[in-house]
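Here is the structure we will look at.
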Amino acid sequence: MNRLEAQPTGLFAPQFEMRVGTVVRLLALGMALLGGLVLVAMTLMTLVSITGRSLTFAGFAPVPGAFELVEAGTAFAVFSFLPWCQLQRGHVTVDVVAARFGPRVMAVLSFLANVAMTLVAALIFWRLLLGLLDKRAYLETTFILQFPVWWSYLAASFGAGLFVIVCAYTAWRSANEMSGGSQTPDGEQPRQDMDRQTPIPKTRAAR
């Protein structure tokens, strides 16, 4: 059962947390879709540029400054995907040791990981803003298209800022899961060790 359909539990305003989660989910989903569209556009532009370069004999030409646009678009796309990945618990985790702990310990570890991720996201956002201000102050531009470099920083900062918000929300969500007795995400059953979860069928010995 999805957590949004379950009865809210926890000590930290669980009902309000779930309402906030609905808004956060829509924002993260919209940002991820926008990043996907930008990535598709960059792919198509690269295809057109490569095709134009290979057909110069026919009067075609590559897209001017294609690699500069790809750099800016890819940076925007990466930061656009991070909020949705964090919200969906999509980051790679190593559960070789942690999976052997009890559900309550797993809930505490999840909360601590989300708090740590919030701090890291805030650090990235802060440094990105400092880079934006630095590039804007020195009026640095790209080599071919001559557009200001700080535009790329500004575009990426929207995803980075939302990443901080989503990380803070997931820490709040984990705190309610930890205090309310929900030890695993989205109401799933605790994952067990594969050897204990899947029984090995017994076979008769050949006579």
Please turn the phi angles of the stretch 87-94 into ³J(HN,Hα) values with the Karplus equation 6.51 cos²θ - 1.76 cosθ + 1.60 (θ = phi - 60°), one per residue in order, whole Hz, x for glycine and proline. 5, 8, 6, x, 5, 5, 10, 10
For the stretch 113-127, Karplus couplings with θ = phi - 60° (6.51, -1.76, 1.60), whole Hz, Gly/Pro x: 5, 5, 5, 4, 5, 4, 5, 5, 4, 5, 5, 4, 5, 4, 5
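Find the relative contact order for the stretch 31-134 and round it to a whole percent, using C-alpha pairs within less than 8 Å whose residues are 6+ positions apart. Don't skip to the answer; put the middle values down first.
Numbers: 50 pairs, mean separation 28.2, N = 104.
Rounded, it is 27 percent for the stretch 31-134.
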If you plug each phi of the stretch 35-46 into the Karplus form 6.51 cos²θ - 1.76 cosθ + 1.60 with θ = phi - 60°, what whole-Hz ³J(HN,Hα) values come out, in order, with x for Gly and Pro? x, x, 5, 5, 5, 5, 4, 5, 5, 5, 5, 4
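What net charge is computed for the residues neighbouring Val24, neighbours being all others with C-beta under 12 Å from the C-beta of Val24, Lys and Arg scored +1, Asp and Glu -1?
On the way: positive: Arg19, Arg25, Arg173; negative: Glu17.
In short, +2.
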For Thr141, other-chain or 5+-apart residues with amide H closer than 5 Å (H placed, Pro excluded) are Val149
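Where a number appears in this text, it was derived from the coordinates with a stated rule and is not lab data. Owing to the predicted nature of the structure, the values given are computational and were not obtained by experimental measurement. Note: ideal-geometry Cβ built from the backbone for every residue, glycine included; neighbour counts use all protein chains shown.
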